[in-house]
Amino acid sequence: MEKHLVLVGGGHAHMVTLANLHDFIEKGHQVTVIGPSPYHYYSGMGPGMLGKMYAPEDIRFATRYVVEKQGAAFILGKVVRVDPEAKTVILESGEAVSYDVISFNTGSYVPRSIVNDGEKDVFSVKPIENLMDAQSRILELVPRKKITISIIGGGPSAAEIAGNVWRLTRDHGPNTPKIQIFAGKKFLSHVPNTMQSKVAISLKKRGIKILEKDYVKDIKTGQITLESGQRYDTDFIFLALGVKPSPIFKKSNLPTGPDNGLRVNKYLQCTAYPEIFGGGDCIYFEDRPLDKVGVYAVRQNPVLYRNLMASLEETVLQPFDPGGDYLLIFNMGDDTGILRKKRLVFGGRLAFLIKDHIDRKFIRKFQAMEQT
Ligand SMILES: Cc1cc2nc3c(=O)[nH]c(=O)nc-3n(C[C@H](O)[C@H](O)[C@H](O)COP(=O)(O)OP(=O)(O)OC[C@H]3O[C@@H](n4cnc5c(N)ncnc54)[C@H](O)[C@@H]3O)c2cc1C
């Protein structure tokens, strides 16, 4: 019997499913993909795009084109709510789309609760598309005067953004901006000390300041206030605070984890509604809470593809095994990287080349579908 599969978001965890939509269609099912952009941007290469190491076309996948080419439907829009009893999702436009089986890969967002409404020149690092607007605005401001660029956040994305905004602006002579990271109480507190110190040294030797005094309490245009009350002037702000899963699930009263991510079992299946699946940053994997890194979304790909098919065809589901430790490499923006795998940590050109090779291979594999 023909069933309707709906994919919400064409992120990292849906790539294999997107590449194989024709399989679902050949089996007589209808498929609809809903997303706010015709493209999906690969976050691993986002900071490099900010620094002009990569062009936007190098790091994106033409979701809409690939979906429609395989005979599936693409709806340009954003899902805001799910009605699991009626098996329907509601879009921002008010449109309702019904499903038999659905999968969410809607990612995460950077909370903006410390930003006053209507503030200018404050850019979140997600969605990755924001980095293109940030780049244009910085290149507009830099020739006018020596600006200060502030990055709020003390995690890996703050480190990569700082290094790559340095790359973007380094050739502006006396107007080369001042770059500062507001890292809360401790910069890179979740990575091993050896990696943390290599990253800090790499940034500091290029004049990038790392402030580890206090958390930021409030942001107004041109001003950052810490919890202590201390104020800092700035011209431009990147928000690289810890991400939170998409808010859809909490709003829809679906089971969620403590982070409000969709609570899923070992089959990446919602714990209350077996026809709802999810992957990537938007889920809470109840067996073992996972870091919000693309690595897990990528590892979930084949399992999600297989389980969506199994759910439509009423066959056996496959459990997801998150696997062991993952390789972490930062693109420092100066053609070097800093790599960590288990207890091994090293920095330099080779670390960057490994990251560049892995990232290009990943995106090219999916971009190849645009040519066939
Ligand atoms: C600057 C930066 C650099 C990073 N670098 C790395 C790295 O090198 N390696 C690594 O492992 N991780 C990295 N990460 C973490 C990584 O971005 C995330 O873990 C990864 O993007 C998660 O993938 P995802 O598919 O869940 O979400 P996303 O990549 O965010 O994809 C979500 C998709 O859903 C769509 N969407 C969102 N909301 C809706 C909605 N309401 N309705 C419909 N569609 C929607 C979006 O348009 C998007 O296409 C980085 C993060 C940042 C911010």
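Annotations
- Count of the range 278-310 residues which are farther than 14 Å from Y326 by Cβ, of a type outside the set (D, E, K, R) and either touching a residue at least 60 places away in the same chain (Cβ under 8 Å) or within 7 Å of the ligand (Cβ to nearest atom) (or both): 11
- Taking the numbered list (1) closer than 22 Å to E92 by Cα; (2) modelled with pLDDT under 95 in turn, L254 passes all entries but (2).
- Residue count for the range 80-107, restricted to those that are surrounded by fewer than 20 Cβ atoms within 10 Å (Cβ to Cβ), within 24 Å of the chain's Cα centre (by Cα) and assigned to a strand (DSSP E or B): 4
- Residue within the range 317-339 that is among the charged types (D, E, K, R) and within 30 Å of E2 (Cβ to Cβ) present: no
- Enumeration of residues in the range 256-270 that are surrounded by fewer than 17 Cβ atoms within 10 Å (Cβ to Cβ) and either out of contact with any Pro (no Cβ under 9 Å at 6 or more places or on another chain) or of a type in the set (V, I, T) (or both): none
- G278 being at pLDDT 95 or above and under 23 Å from the mean Cα position of the chain (by Cα): yes
- A134 over 15 Å from the mean Cα position of the chain (by Cα), more than 9 Å from the ligand (Cβ to nearest atom), within 21 Å of E212 (Cα to Cα) and not in a loop (DSSP other than H, G, I, E, B): no
- Test: E313 is away from the ligand (no atom under 12 Å from the Cβ), over 30 Å from A55 (Cα atoms) and in contact (Cβ under 8 Å) with a residue 24 or more places away in the chain: yes
- Restricted to helices (runs of 4 or more DSSP H) entirely inside the range 10-79, no element has at least 3 residues that are surrounded by 24 or more Cβ atoms within 10 Å (Cβ to Cβ), modelled with pLDDT under 95 and outside the structural domain of C282 (by TED's automatic domain parsing).
- Among the criteria (1) touching a Gly at 6+ places or on another chain (Cβ under 9 Å); (2) of a type outside the set (F, W, Y); (3) under 28 Å from L317 (Cα atoms), the one G155 does not fulfil is (3).
- Per-region count, the range 41-58, residues more than 13 Å from the chain's Cα centre (by Cα) and either under 12 Å from V125 (Cα atoms) or of a type in the set (A, V, I, L, M) (or both): 4
The values are calculated or read from the model by the stated rules, or taken from the named source; none is laboratory data. Just so it is clear, the structure is predicted and the values come from calculations on it, not from any experiment. We place every Cβ from the backbone using ideal geometry, glycine too, and count neighbours over all the protein chains shown.
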